[in-house]
Amino acid sequence: MHAFLHIFALCAPFLSYTDRSIEIQALTSFKLNLHDPLGALDGWDTSSPEVPCDWRGVACNNDRVTELRLPRLQLGGRLSERLSELSMLKKISLRSNFFNGSISSSLMECKLLRFLFLQDNAFSGNVPPEIGNLTGLQIFNVAQNHISGTIPRELPLSLKYLDLSSNIFSGEIPETVANLSHLQLINLSYNELSGEILVTFGELQKLQYLWLDHNFLGGTLPSALANFSSLVHLSAEGNALGGVLPSAISALPKLQVISLSRNNLTGSIPLIFCLCFFLPITSTTLIPL
């Protein structure tokens, strides 16, 4: 038993060194793929004392890379497949740069990812269906890119914030979104989504913000939306919604903003909305009681 512990103690530093070497190589490959006009990553020197944990944008815990944060640095290029080798990675923030190409499915091998911020870049292609493998992912933000295809059916059940706005997503909103019981924010605005608003959205009891603006959504507003006990902001302007505004929505206890302009809604606005001037419901076909 003592001999085993002695051997393990000798091997542990070697294992740590091997992990660090892999992470250094993965980050170096990531850097070599980039266009870096500001020289933001010039300090990524393999001879630095605490490599790679003292590199700009890299955070570590117990000498393992857990965060990669490089927002607003004018970085461009494609993401290296070797990012998947950062097996302890929990947060990636590459927002507001010029990254392009597709979001590689290899990135979905970082099974510990909690936060993925890729908004305001030039990514294209589809969201890899393997995103469902990120079972601890809480925030997924790819807004303001050129991502197309349909919304993946298998999204992580752990999601709290889902922002797919300002892309080219098409097709219907998958019914499986209603299974994401931890969701607090959904932003699907400015895409090319069609079909109807899910009746099962009303099952998302923690949802506070629902933005569906400027798509091609039709049908009526489901009366089941009145089940939103936490909803603060509901916006679906610029679609092809018809029918009557469900009066039960006026009973939502926390609702502060509802915006449904540029649709084909008819009928009357519930009196409670007329009395609350901060609830901007505007449509040429709606008249107050």
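The values are calculated or read from the model by the stated rules, or taken from the named source; none is laboratory data. Just so you know, these numbers come straight off a predicted model, no measurement behind them. Using ideal geometry, Cβ is built from the backbone for each residue, glycine included, and neighbour counts are taken over all protein chains shown.
Things to note:
- Some residue of the stretch 145-162 being closer than 19 Å to residue 259 by Cβ and not aromatic (Phe, Trp, Tyr): no
Quick grid of which residues meet (1) over 24 Å from residue 151 (Cβ atoms); (2) within 28 Å of the chain's Cα centre (by Cα); (3) at pLDDT 95 or above:
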site	(1), (2), (3)
21	yes, no, no
74	yes, yes, yes
79	no, yes, yes
84	no, yes, yes
102	no, yes, yes
110	no, yes, yes
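- Looking only at residues in the stretch 40-74 that are of a type in the set (S, T, N, Q) and without any contact (Cβ under 8 Å) to a residue 24 or more places away in the chain, the one that is farthest from residue 24 (Cα to Cα) is 62.
- Restricted to the stretch 50-82, and to residues there that are in a loop (DSSP other than H, G, I, E, B) and of a type in the set (Gly, Ala, Ser), the residue that is farthest from residue 108 (Cα to Cα) is 57.
Each row is one residue, and each column tells you yes or no for (1) outside any strand (DSSP E or B); (2) closer than 23 Å to residue 171 by Cβ; (3) within 12 Å of the chain's Cα centre (by Cα).
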| residue | (1), (2), (3) |
| --- | --- |
| 89 | yes, no, no |
| 96 | yes, no, no |
| 123 | no, yes, no |
| 127 | yes, yes, yes |
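- Test result for residue 41, over 22 Å from residue 127 (Cβ atoms) and either at pLDDT 95 or above or hydroxyl-bearing (Ser, Thr, Tyr) (or both): yes
- Filter result for residue 106 (outside any loop (DSSP other than H, G, I, E, B), of a type in the set (Ser, Thr, Tyr) and surrounded by fewer than 16 Cβ atoms within 10 Å (Cβ to Cβ)): no
- Of everything in the stretch 129-148 that is touching an Asp or Glu at 6+ places or on another chain (Cβ under 6 Å) and not in a loop (DSSP other than H, G, I, E, B), the residue that is nearest to residue 108 (Cα to Cα) is 132.
- Among residues of the stretch 129-151, those that are touching a helix residue (DSSP H, G or I) at 6+ places or on another chain (Cβ under 7 Å) and surrounded by fewer than 17 Cβ atoms within 10 Å (Cβ to Cβ), counted: 2
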